[in-house]
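These notes are about the structure you will find just below.
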Amino acid sequence: MKMICIGRNYRAHAAELGNDVPAEPLFFLKPDSALLLHRHPFYIPDFTQSVHYEVEVVVRISRLGKAIAPEHAHRYYDAVTLGIDFTARDVQDRCKATGSPWEPAKAFDGSAVVSREWLAPEGLQDLHFHLLQNGKVVQQGHTADQIFPIDTVISFVSRYMTLKVGDLIFTGTPAGVGPVQVGDVLEGFIGERRMFEVHVA
């Protein structure tokens with residue numbers, strides 16, 4: 001299982017970090033070891049001084065696929081949920097400054113939260129979601145605001161790599177990303193349904 005993460009898929013988020021809006025989907029990978037085990041706290045790694053939360057809608061691939069046409073992409077996923085792409089922002093900034101890959105900032109152990117609860121994918125491009133940090137709303141998003149909708153993403157990514165059953169696609173984060181501190185409690189919602197709770201240690 002691989003996790004494919006789409007970067008800069010919301011214009012406001014690209015703007016808040018001073019990034020250009022991409023002309024085509026920008027993606028990177030997280031390994032399966034990045035998955036945070038359920039009910040485990042998120043431990044801030046010792047190699048960073050600035051870990052940011054990034055709440056994202058996550059799509060589960062249900063069929064083997066390569067070079068998938070956009071009009072057929074909806075056949076290749078069967079469920080949607082919510083997650084967090086934890087990012088070592090200071091490490092990422094150093095990587096970007098030197099033109100290096102982002103993996104040290106994105107792919108570290110425990111950096112991917114995925115809810116245990118999955119929902120049917122109907123209405124995927126009309127989902128409202130938000131993140132609470134210690135009870136306060138810090139991010140709000142609507143999938144209709146994505147620059148590249150999921151069918152476009154699946155078609156694009158599958159040009160370069162085969163999608164396999166169980167692969168996960170993180171579809172990008174809206175504006176409002178920010179740092180976490182020891183003791184924080186993060187709660188993610190799709191609509192009014194609470195999808196996860198993560199404690200930071």
Log entry, pairs with first residue in region 117-128 being in a helix (DSSP H, G or I), second being surrounded by fewer than 16 Cβ atoms within 10 Å (Cβ to Cβ) and not aromatic (Phe, Trp, Tyr), beta carbons closer than 6 Å, six or more apart or on different chains, reads Gln125/Ala144; Asp126/Ala144
Among strands (runs of 3 or more DSSP E) lying entirely in region 149-201, which contain 3 or more residues that are out of contact with any Asp or Glu (no Cβ under 7 Å at 6 or more places or on another chain)? 185-190, 193-199
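With respect to Lys66, is the statement that it is surrounded by fewer than 20 Cβ atoms within 10 Å (Cβ to Cβ), at pLDDT below 95 and farther than 25 Å from Leu127 by Cβ true?
So Lys66 does not fit the description; no.
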Does Ala14 qualify as being among the small types (Gly, Ala, Ser), more than 23 Å from Thr162 (Cα to Cα), out of contact with any His (no Cβ under 8 Å at 6 or more places or on another chain) and at pLDDT below 95? yes
Any chance Val138 is assigned to a helix (DSSP H, G or I), under 16 Å from His52 (Cα atoms) and touching a residue at least 24 places away in the same chain (Cβ under 8 Å): no
Only one of Asp109, Asp90, Asp46, Asp78 that is in a helix (DSSP H, G or I), surrounded by fewer than 20 Cβ atoms within 10 Å (Cβ to Cβ) and modelled with pLDDT of 95 or more: Asp90
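The values are calculated or read from the model by the stated rules, or taken from the named source; none is laboratory data. Keep in mind it's a predicted model, so treat the numbers as computed, not measured. Cβ: placed from backbone, ideal geometry, glycine included. Neighbour counts: every protein chain shown.
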